[in-house]
Amino acid sequence: MLEMSARLPGENNINFTYRAIREGILSLELKPGQLLNVGELSEALKVSSTPIKNALWKLQQEHLVDLIPQVGSYVSKIDLELVEEAAGMWFDLEKECLKSACHEFPKDNLNQLKRNLNFQEMLLDQQSNFPNPKEFIREFCKLDEEFHSIIFDGLRRNTTWKAISYMASDYHRLIMRHQVKENVKQMIAEHRDIISIIEKREREQVETVLRDHIFRPMEDWGTGHKMDISEFALT
(Lines give C-alpha, C1' and ligand atoms only; values in the text may rest on other atoms or scores of the structure.)
Protein backbone atom coordinates (compact mmCIF):
# COMPACT_ATOMS: atom_id res chain seq x y z
CA MET A 1 0.00 0.00 0.00
CA LEU A 2 2.72 2.49 0.93
CA GLU A 3 6.46 2.24 0.47
CA MET A 4 8.44 2.55 3.68
CA SER A 5 9.51 6.17 4.14
CA ALA A 6 12.81 7.00 5.76
CA ARG A 7 12.35 8.32 9.28
CA LEU A 8 13.96 11.71 9.90
CA PRO A 9 16.45 12.08 12.78
CA GLY A 10 14.59 12.50 16.06
CA GLU A 11 11.18 12.06 14.41
CA ASN A 12 8.59 10.45 16.69
CA ASN A 13 5.93 7.98 15.55
CA ILE A 14 3.14 10.57 15.33
CA ASN A 15 5.08 13.05 13.17
CA PHE A 16 6.63 10.29 11.05
CA THR A 17 3.30 8.61 10.35
CA TYR A 18 1.57 11.87 9.44
CA ARG A 19 4.40 12.91 7.11
CA ALA A 20 4.66 9.50 5.43
CA ILE A 21 0.94 9.23 4.67
CA ARG A 22 0.71 12.86 3.58
CA GLU A 23 3.66 12.44 1.21
CA GLY A 24 2.08 9.26 -0.13
CA ILE A 25 -1.13 11.14 -0.92
CA LEU A 26 0.57 14.17 -2.48
CA SER A 27 2.82 11.98 -4.62
CA LEU A 28 -0.25 9.96 -5.75
CA GLU A 29 1.27 6.75 -4.45
CA LEU A 30 -1.98 6.69 -2.49
CA LYS A 31 -4.54 7.46 -5.18
CA PRO A 32 -7.70 9.59 -4.93
CA GLY A 33 -10.58 7.44 -3.74
CA GLN A 34 -8.31 4.70 -2.37
CA LEU A 35 -9.31 2.97 0.87
CA LEU A 36 -6.82 3.56 3.69
CA ASN A 37 -6.68 0.41 5.77
CA VAL A 38 -5.33 1.13 9.26
CA GLY A 39 -3.87 -2.35 9.65
CA GLU A 40 -2.05 -2.23 6.32
CA LEU A 41 -0.68 1.24 7.04
CA SER A 42 0.48 0.11 10.48
CA GLU A 43 2.32 -2.81 8.95
CA ALA A 44 3.88 -0.74 6.17
CA LEU A 45 5.11 2.00 8.51
CA LYS A 46 5.94 -0.27 11.46
CA VAL A 47 3.86 1.71 13.95
CA SER A 48 0.76 0.99 16.04
CA SER A 49 -2.75 1.97 14.97
CA THR A 50 -2.82 5.03 17.28
CA PRO A 51 -0.50 7.29 15.24
CA ILE A 52 -2.21 6.07 12.06
CA LYS A 53 -5.62 7.17 13.32
CA ASN A 54 -4.12 10.46 14.54
CA ALA A 55 -2.58 11.12 11.11
CA LEU A 56 -5.82 10.32 9.28
CA TRP A 57 -7.72 12.74 11.49
CA LYS A 58 -5.20 15.52 10.81
CA LEU A 59 -5.26 14.81 7.09
CA GLN A 60 -9.03 15.05 7.14
CA GLN A 61 -8.62 18.66 8.33
CA GLU A 62 -6.47 19.29 5.24
CA HIS A 63 -9.12 17.82 2.90
CA LEU A 64 -6.75 15.00 1.94
CA VAL A 65 -8.69 12.20 3.68
CA ASP A 66 -12.41 11.51 3.93
CA LEU A 67 -13.47 9.72 7.11
CA ILE A 68 -16.82 7.98 6.68
CA PRO A 69 -18.28 6.71 9.99
CA GLN A 70 -18.88 2.96 10.07
CA VAL A 71 -17.32 2.65 6.61
CA GLY A 72 -13.66 3.68 6.62
CA SER A 73 -11.10 6.26 5.53
CA TYR A 74 -10.42 7.15 1.92
CA VAL A 75 -7.97 9.39 0.11
CA SER A 76 -10.05 12.40 -0.85
CA LYS A 77 -10.71 13.07 -4.50
CA ILE A 78 -9.19 16.18 -6.09
CA ASP A 79 -11.43 19.22 -5.72
CA LEU A 80 -10.97 21.51 -8.74
CA GLU A 81 -12.55 24.46 -6.92
CA LEU A 82 -9.94 24.12 -4.18
CA VAL A 83 -7.23 23.91 -6.85
CA GLU A 84 -8.32 27.23 -8.37
CA GLU A 85 -8.72 28.91 -4.99
CA ALA A 86 -5.29 27.76 -3.81
CA ALA A 87 -3.59 28.84 -7.03
CA GLY A 88 -5.14 32.29 -6.75
CA MET A 89 -4.09 32.68 -3.12
CA TRP A 90 -0.57 31.46 -3.88
CA PHE A 91 -0.23 33.91 -6.76
CA ASP A 92 -1.48 36.90 -4.76
CA LEU A 93 0.74 36.23 -1.74
CA GLU A 94 3.93 35.29 -3.56
CA LYS A 95 3.54 38.21 -5.95
CA GLU A 96 3.73 40.63 -3.03
CA CYS A 97 6.64 38.70 -1.52
CA LEU A 98 8.64 38.88 -4.74
CA LYS A 99 7.99 42.59 -5.09
CA SER A 100 9.30 43.04 -1.54
CA ALA A 101 12.28 40.83 -2.37
CA CYS A 102 13.14 43.16 -5.25
CA HIS A 103 13.56 45.90 -2.66
CA GLU A 104 15.50 43.88 -0.08
CA PHE A 105 16.35 40.19 0.13
CA PRO A 106 18.99 38.48 2.30
CA LYS A 107 22.08 37.35 0.40
CA ASP A 108 22.08 34.03 2.22
CA ASN A 109 18.57 33.25 1.01
CA LEU A 110 19.49 34.29 -2.52
CA ASN A 111 22.40 31.85 -2.40
CA GLN A 112 20.04 29.17 -1.12
CA LEU A 113 17.78 29.77 -4.13
CA LYS A 114 20.76 29.38 -6.46
CA ARG A 115 21.86 26.15 -4.76
CA ASN A 116 18.35 24.82 -4.99
CA LEU A 117 18.24 25.67 -8.70
CA ASN A 118 21.55 23.88 -9.22
CA PHE A 119 20.07 20.77 -7.58
CA GLN A 120 17.05 21.00 -9.89
CA GLU A 121 19.30 21.14 -12.96
CA MET A 122 21.40 18.24 -11.69
CA LEU A 123 18.24 16.23 -11.06
CA LEU A 124 17.08 16.85 -14.61
CA ASP A 125 20.45 15.72 -15.98
CA GLN A 126 20.24 12.53 -13.92
CA GLN A 127 16.66 11.67 -14.81
CA SER A 128 17.69 8.46 -16.57
CA ASN A 129 19.13 7.15 -13.28
CA PHE A 130 15.72 7.01 -11.63
CA PRO A 131 13.94 3.64 -11.61
CA ASN A 132 10.72 5.24 -12.88
CA PRO A 133 9.41 8.71 -13.86
CA LYS A 134 7.32 8.98 -10.69
CA GLU A 135 10.43 8.95 -8.48
CA PHE A 136 12.02 11.68 -10.58
CA ILE A 137 8.91 13.88 -10.40
CA ARG A 138 8.59 13.31 -6.66
CA GLU A 139 12.15 14.51 -6.04
CA PHE A 140 11.68 17.51 -8.31
CA CYS A 141 8.49 18.54 -6.52
CA LYS A 142 10.35 18.51 -3.20
CA LEU A 143 12.93 20.90 -4.63
CA ASP A 144 10.22 23.06 -6.16
CA GLU A 145 8.44 23.42 -2.82
CA GLU A 146 11.73 24.17 -1.08
CA PHE A 147 12.52 26.86 -3.67
CA HIS A 148 9.35 28.79 -2.92
CA SER A 149 9.68 28.30 0.84
CA ILE A 150 13.12 29.95 0.69
CA ILE A 151 11.54 33.09 -0.79
CA PHE A 152 9.03 33.37 2.05
CA ASP A 153 11.70 32.52 4.63
CA GLY A 154 13.89 35.36 3.33
CA LEU A 155 11.05 37.78 4.05
CA ARG A 156 10.21 36.19 7.42
CA ARG A 157 6.85 34.96 6.19
CA ASN A 158 7.20 31.27 6.97
CA THR A 159 3.67 31.06 8.37
CA THR A 160 2.32 32.47 5.11
CA TRP A 161 4.09 29.73 3.16
CA LYS A 162 2.74 27.06 5.51
CA ALA A 163 -0.77 28.38 4.86
CA ILE A 164 -0.19 28.20 1.10
CA SER A 165 1.17 24.64 1.36
CA TYR A 166 -1.85 23.66 3.43
CA MET A 167 -4.27 25.10 0.88
CA ALA A 168 -2.39 23.90 -2.20
CA SER A 169 -2.51 20.15 -1.53
CA ASP A 170 -5.01 19.49 -4.33
CA TYR A 171 -3.11 21.84 -6.65
CA HIS A 172 0.06 19.80 -6.14
CA ARG A 173 -1.78 16.51 -6.65
CA LEU A 174 -3.28 17.76 -9.90
CA ILE A 175 0.09 18.96 -11.20
CA MET A 176 1.85 15.79 -10.03
CA ARG A 177 -0.68 13.72 -11.95
CA HIS A 178 0.49 15.09 -15.30
CA GLN A 179 4.03 16.31 -14.69
CA VAL A 180 6.46 15.42 -17.49
CA LYS A 181 10.07 16.21 -18.35
CA GLU A 182 9.21 19.17 -20.60
CA ASN A 183 7.09 20.74 -17.85
CA VAL A 184 9.99 20.34 -15.42
CA LYS A 185 12.37 22.06 -17.83
CA GLN A 186 9.92 24.96 -18.15
CA MET A 187 9.54 25.27 -14.38
CA ILE A 188 13.31 25.30 -13.91
CA ALA A 189 13.60 28.08 -16.48
CA GLU A 190 10.94 30.05 -14.59
CA HIS A 191 12.79 29.53 -11.32
CA ARG A 192 15.87 30.93 -13.03
CA ASP A 193 13.80 33.96 -14.10
CA ILE A 194 12.56 34.48 -10.54
CA ILE A 195 16.14 34.58 -9.23
CA SER A 196 17.06 37.06 -11.96
CA ILE A 197 14.11 39.27 -11.07
CA ILE A 198 15.22 39.41 -7.43
CA GLU A 199 18.85 40.11 -8.33
CA LYS A 200 18.02 42.81 -10.87
CA ARG A 201 15.11 44.19 -8.83
CA GLU A 202 12.76 43.96 -11.78
CA ARG A 203 9.47 44.48 -9.94
CA GLU A 204 7.63 45.06 -13.21
CA GLN A 205 8.41 41.47 -14.32
CA VAL A 206 7.09 39.77 -11.20
CA GLU A 207 3.44 39.40 -12.13
CA THR A 208 4.02 38.03 -15.65
CA VAL A 209 6.61 35.43 -14.66
CA LEU A 210 4.75 34.28 -11.55
CA ARG A 211 1.40 34.10 -13.32
CA ASP A 212 2.88 31.78 -15.94
CA HIS A 213 4.64 29.72 -13.29
CA ILE A 214 1.55 29.08 -11.16
CA PHE A 215 -1.32 29.05 -13.65
CA ARG A 216 0.28 27.62 -16.81
CA PRO A 217 0.54 24.04 -15.45
CA MET A 218 -3.20 24.12 -14.70
CA GLU A 219 -3.97 25.38 -18.20
CA ASP A 220 -1.65 22.78 -19.75
CA TRP A 221 -3.39 20.05 -17.80
CA GLY A 222 -6.86 21.27 -18.74
CA THR A 223 -6.16 21.46 -22.46
CA GLY A 224 -3.67 18.67 -22.97
CA HIS A 225 -4.83 15.79 -20.80
CA LYS A 226 -7.82 13.51 -20.65
CA MET A 227 -9.70 13.70 -17.36
CA ASP A 228 -10.35 10.54 -15.39
CA ILE A 229 -13.47 11.72 -13.60
CA SER A 230 -13.17 9.00 -10.94
CA GLU A 231 -10.26 10.89 -9.37
CA PHE A 232 -12.16 14.15 -8.91
CA ALA A 233 -14.75 15.34 -6.43
CA LEU A 234 -18.10 15.99 -8.04
CA THR A 235 -19.72 19.33 -7.17
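Which shape class, rounded, prolate or oblate, goes with the range 1-111 when its Cα gyration tensor gives a ≥ b ≥ c as root eigenvalues, a/c under 1.5 marks rounded, and past that a/b bigger than b/c marks prolate?
Details: a/c = 3.07, a/b = 1.63, b/c = 1.88.
Since a/c reaches 1.5 but b/c is at least a/b, the shape of the range 1-111 is classed as oblate.
Trypsin sites (Lys or Arg not before Pro), restricted to the range 14-53: which are DSSP loop and have at most 15 other Cβ atoms within 10 Å? Answer in residue order: 46. What is the sum of charges around residue 51, taking Lys and Arg as +1, Asp and Glu as -1, for the other residues whose C-beta is under 14 Å from the C-beta of residue 51? Local charge sum for residue 51: +4.
With a 1.4 Å probe rolled over the protein heavy atoms of all chains, the accessible area of 176, 122 falls in the order 122, 176, largest first.
What is the local net charge at residue 207, summed over the other residues whose Cβ is closer than 14 Å to its Cβ (Lys, Arg +1; Asp, Glu -1)? My count for the surroundings of residue 207 gives -3.
Can you return the lysines within cross-link range of residue 99? Criterion is Cα-Cα under 28 Å, with same-chain partners fewer than 8 residues away left out. Within the straight-line cut-off, residue 99 pairs with 107, 114, 142, 162, 185, 200.
Please say if the range 105-198 is rounded, prolate or oblate, where rounded means a/c under 1.5 for a ≥ b ≥ c the square roots of the C-alpha gyration tensor eigenvalues, and otherwise the choice is prolate for a/b larger than b/c and oblate otherwise? Note, shape of the range 105-198 comes out oblate.
Every pair of different Cα atoms in the chain enters the Kirkwood calculation, which places the hydrodynamic radius at 18.9 Å. Legend: helices of the chain (whole DSSP H runs) are marked when their alpha-carbon atoms reach 24 angstrom or more along the helix axis and their mean Kyte-Doolittle hydropathy is at least -1.0; marked are 80-103, 133-154, 181-200, 206-224.
The values are calculated or read from the model by the stated rules, or taken from the named source; none is laboratory data. Just so it is clear, the structure is predicted and the values come from calculations on it, not from any experiment. Reconstructed Cβ throughout: ideal geometry from the backbone, glycine too, with neighbour counts over all protein chains shown. Areas reflect the complete protein model, heavy atoms only, side chains present, ligands, DNA and RNA absent. Shrake-Rupley method; radii C 1.70, N 1.55, O 1.52, S 1.80 Å.
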